[in-house]
Amino acid sequence: MRPPALRTEALTRDFGAIRAIDSLSLDVPQGTLFGLLGPNGAGKTTTIRLLLALLQPTSGRAEVLGLDTQKEGQQIRTRVGALLEHTGLYEQLTAEENLDFFGRVWKLPHAARRARIEELLREIGLWDRRAEPVGKWSKGMRQRLALARALLHHPTLLLLDEPTAGLDVVAASQVREALTRMVRHDGLTVVLTTHNMLEAERLCDTLGVIRRGRLVAVDQPDRLRANHAAPCLEIRGGNFSTSVQEAIRLREEVTSIDVSNGTLTIEFDRPIDSSPIVRLLIEHGASVQEVLKRTPSLEDVFLALTEDEE
Amino acid sequence: MSDIMTVMRKERQMLFRYRGGRMRFVLTLLSPLLLAFYVSWSSGVRWVEQPVPVFPCALVAVLAVIIVVPETFAGERERHTLETLLATRLGDASILFGKLGLAVAFSMILVGVVLTLGLITANIFHWQGELLLYTAQNLTVTFTVSLLMSVLVAAVGVIISLGSETVQEATQTLAGVVLVPPIILGMLVLIFRRKFVYMLMLAGRPISGLVVLLTFTLIDVLLLAELRRRFHRSRLLLD
């Protein structure tokens with residue numbers, strides 16, 4: 001069995017009195033796409049810095065590609081590609097000069113470097129603009145170039161901090177397709193942070209939700225939805241009187257009720273069968289025109305998990 | 001070593017490459033060129049035979065480093081490129097000495113320009129029927145003193161740049177730090193005039209010059225060691 005691409009054990013990092021990462025334990029198998037979700041200041045960027053051995057943990061440990069972050073930081077950085085919070089491109093240099101510098105950093109031989117730069121610039125659609133200083137480019141173009149830079153040396157693990165931030169819909173979709181292709185066909189492992197729930201759901205095999213430095217849930221997106229957010233019924237109709245609402249509220253699985261614009265919204269704390277609810281409504285004189293069983297979205301899960309902590 | 005060269009190459013590519021950069025480069029060259037012209041023109045044959053170029057060359061080396069070195073880390077931090085650079089496979093020493101090396105190399109190129117222009121000026125205005133050339137001792141002393149001064153200021157400058165948020169902050173701090181020793185020296189000269197003349201006479205002896213050079217070398221080595229000790233990726237990100 002292959003070792004995990006990434007493993008942390010009770011990883012903790014303090015900045016003075018502030019605990020940025022709190023006992024983070026995580027396993028990411030090789031060849032998968034792992035997403036780290038969390039609000040601003042949750043500790044996503046600090047986690048990536050710890051994995052790249054740019055920061056040392058206060059306690060606990062982390063292994064990246066089987067290498068200890070506290071002892072083998074340089075070997076880790078040799079094998080990992082990273083796109084961090086900022087693109088990290090040199091704006092005075094052209095796209096080609098930027099990639100050439102990083103190609104030299106990773107000791108790609110001259111011919112291989114030239115070929116790889118052309119291949120990547122063509123793939124991201126920026127070959128014709130290779131001689132322009134990147135400072136004149138849009139944020140989306142720079143983000144694409146930064147992603148190309150992260151891939152330049154054929155890394156086995158990619159750490160991406162908000163990879164599609166600032167990209168338009170088409171460019172973001174292209175990046176997602178490229179990442180999926182690299183994971184499925186080339187066996188690359190990708191760990192990314194994102195605020196985009198749709199992206200996380202579509203892209204990631206596994207998601208971790210982090211809040212105040214603590215990992216509050218890790219699972220596949222559909223299982224996260226099933227286990228961590230309340231199902232909901234939206235019933236369109238009329239005569240949702242106080243007595244009707246009282247009757248519904250008496251059921252133990254019901255957590256909240258709301259009536260607005262002729263729609264009764266009922267939230268539950270567990271998966272439910274809608275027919276007893278509809279029957280109860282009709283028995284109490286309500287008219288039911290349409291019943292919609294709403295599956296909780298990842299955003300609902302995210303909000304539920306992060307609000308629980310308050 | 002190749003990693004240091006890679007960093008130096010990138011630093012060179014970025015040197016003066018911004019709006020108005022060419023003009024700033026010309027202005028940077030203007031003062032050393034004028035200085036070289038004036039001093040070599042006024043001192044004549046002494047420019048090549050005696051250690052007259054030492055002071056202008058050391059001054060030019062220091063000024064060149066002051067222009068370049070604040071950018072090293074404060075510039076990367078200001079442009080949000082530092083973290084990506086640190087996330088590469090480059091070792092600490094390669095990043096550090098690549099950046100420091102470019103500052104020193106730039107200053108030594110300017111010293112070379114000063115010496116060349118001075119030589120041309122001396123030959124044109126003080127022609128004595130044969131080509132005037134620097135004595136080996138003069139050239140060695142000039143290059144050594146300039147190099148030692150350059151490394152000294154570059155090391156101090158990188159230490160300041162490591163702890164600065166912006167290039168402006170680093171430049172202002174470095175300028176302040178570099179001005180302090182000459183001011184103190186000037187005050188001491190004014191206070192102890194007679195003793196200073198005696199010290200100058202002593203310094204004229206080769207053994208005293210050697211002691212001064214060795215002292216500067218020791219200071220440079222200690223500063224570089226301190227710089228290496230201070231340079232840690234994690235500390236840079238916390239700044």
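Can you give the FRET efficiency to the nearest 0.05 for B:Ile120 and B:Ile183, using r as the Cβ-Cβ distance and R₀ = 56 Å?
Numbers: r = 34 Å, r/R0 = 0.61.
After rounding, the FRET efficiency stands at 0.95.
So, with a 1.4 angstrom probe, what is the percent of accessible area on chain B that is carbon and sulfur? Write down the numbers at each step before the final one.
Details: 9070 of 12690 Å².
For chain B, the apolar C and S fraction of the accessible surface comes to 72 percent.
Calculate the spin-label point distance for B:Val212 paired with A:Ala112, positioning each point 7 Å from the Cα along the beta-carbon direction, and give it in nanometres.
5.2 nm
Share of the stretch A:18-72's accessible area from carbon and sulfur, percent, 1.4 Å? Don't skip to the end; give the middle numbers.
Details: 860 of 1940 Å².
Here it works out to 44 percent.
Quick check: Cα centre of the stretch A:123-162 to Cα centre of the stretch B:152-197, how many Å?
About 42 Å separates the Cα centre of the stretch A:123-162 from the one of the stretch B:152-197.
Need the list of lysines near A:Lys107 for cross-linking: C-alpha distance under 22 angstrom, and skip anything on the same chain fewer than eight residues off.
B:Lys10, B:Lys99
Run the reach check for A:Lys71 against aspartates and glutamates, Cα to Cα strictly under 12 Å, same-chain hits fewer than 8 apart removed. What comes back?
A:Glu63
Rounded to the nearest 0.05, what FRET efficiency is calculated for B:Leu222 and B:Gln168 with R0 set to 45 Å and r the Cβ-Cβ distance? Numbers along the way, then the final one.
Working: r = 28 Å, r/R0 = 0.63.
Computed FRET efficiency for B:Leu222 and B:Gln168 comes out at 0.95.
Let me know the mean shielding of B:89-99 by other chains, meaning the per-residue number of their Cβ atoms within 10 Å of its Cβ. Could the numbers behind the result be given before it?
Numbers: counts 13, 5, 3, 2, 0, 1, 1, 0, 0, 0, 0.
Mean partner shielding for this stretch: 2.
Show me the GluC sites (Glu not before Pro) within the stretch A:81-142 that DSSP assigns to loop and that have at most 13 other Cβ atoms within 10 Å of their Cβ.
Values: sites: A:Glu85, A:Glu91, A:Glu96, A:Glu97, A:Glu118, A:Glu119, A:Glu123; in loops: A:Glu85, A:Glu91.
The qualifying sites: there are none.
Evaluate peptide A:80-91: per residue, the Cβ atoms of other protein chains within 10 Å of its Cβ; return the mean as an integer. Don't jump to the answer; show the numbers that get you there.
On the way: counts 3, 2, 5, 2, 5, 3, 6, 3, 11, 4, 9, 6.
Per-residue shielding by partner chains comes out at 5.
Would you mind giving the total buried accessible surface between chains A and B, with a 1.4 Å probe and ligands, DNA and RNA left out, rounded to the nearest 100 Å²?
On the way: alone 15550 and 14040 Å², together 26910 Å².
About 2700 Å² of accessible surface is lost on pairing.
Would you mind telling me the share, in percent, of accessible area of the stretch A:203-310 contributed by carbon and sulfur at probe 1.4 angstrom?
Details: 2510 of 5840 Å².
Answer for the stretch A:203-310 is 43 percent, counting heavy atoms of protein chains only.
Does anything in the stretch B:213-235 have its amide N under 11 Å from the 7 Å Cα→Cβ label point of B:Lys195, and if so which residues?
none
Just to be sure I understand the interface: list residues from the stretch A:48-77 that lose 50 Å² or more of accessible area between the chain on its own and the complete protein assembly, 1.4 Å probe.
So the qualifying set is A:Arg49, A:Leu54, A:Gln74, A:Arg77.
Top to bottom by accessible area (1.4 Å), largest first, where do A:Trp106, B:Trp127 land? Let's see the in-between values first.
Details: A:Trp106 35, B:Trp127 145 Å².
Heavy-atom accessible area, descending, gives B:Trp127, A:Trp106.
Nearest 10 degrees, 0 to 90: what angle lies between the long axis of helix B:54-68 and the longest principal axis of chain B (Cα atoms)?
Value to nearest ten degrees: 20.
From Cα pairs below 8 angstrom and at least 6 apart in sequence, can you work out the relative contact order of chain A, rounded to a whole percent?
Numbers: 571 pairs, mean separation 59.8, N = 310.
19 percent.
Please give the per residue accessible area of the protein assembly as shown, computed with a probe of 1.4 Å over protein heavy atoms only, in Å². Could you put the intermediate results ahead of the total?
Numbers: 26910 Å² over 549 residues.
With all protein chains present, the protein assembly as shown gives 49 Å² per residue.
Which parts of the stretch B:1-37, residue by residue, lose 40 Å² or more of accessible area when the rest of the protein chains are there, as against the chain isolated (1.4 Å probe)?
When all protein chains are present, B:Thr6, B:Arg9, B:Lys10, B:Gln13, B:Met14, B:Arg17 each give up 40 Å² or more of accessible surface.
Run the numbers on the stretch A:209-268 and let me know its relative contact order in percent, using alpha-carbon pairs under 8 Å that are six or more apart. Could the numbers behind the result be given before it?
Working: 60 pairs, mean separation 19.2, N = 60.
The normalised contact order for the stretch A:209-268 reaches 32 percent.
In nm, give the distance between the simple-model label positions of A:Asp14 and A:Ser59, each being 7 Å from the Cα along the Cα-to-Cβ direction.
0.9 nm
The values are calculated or read from the model by the stated rules, or taken from the named source; none is laboratory data. Bear in mind the structure is a predicted one, so any value in this text is a computation, not a measurement. For neighbour counting, all protein chains shown are included, and Cβ atoms are generated from backbone atoms with ideal geometry for every residue, glycine included. When the accessible area is computed, the model is the full protein with side chains, heavy atoms only, and any ligands, DNA or RNA have been set aside. Shrake-Rupley method; radii C 1.70, N 1.55, O 1.52, S 1.80 Å.
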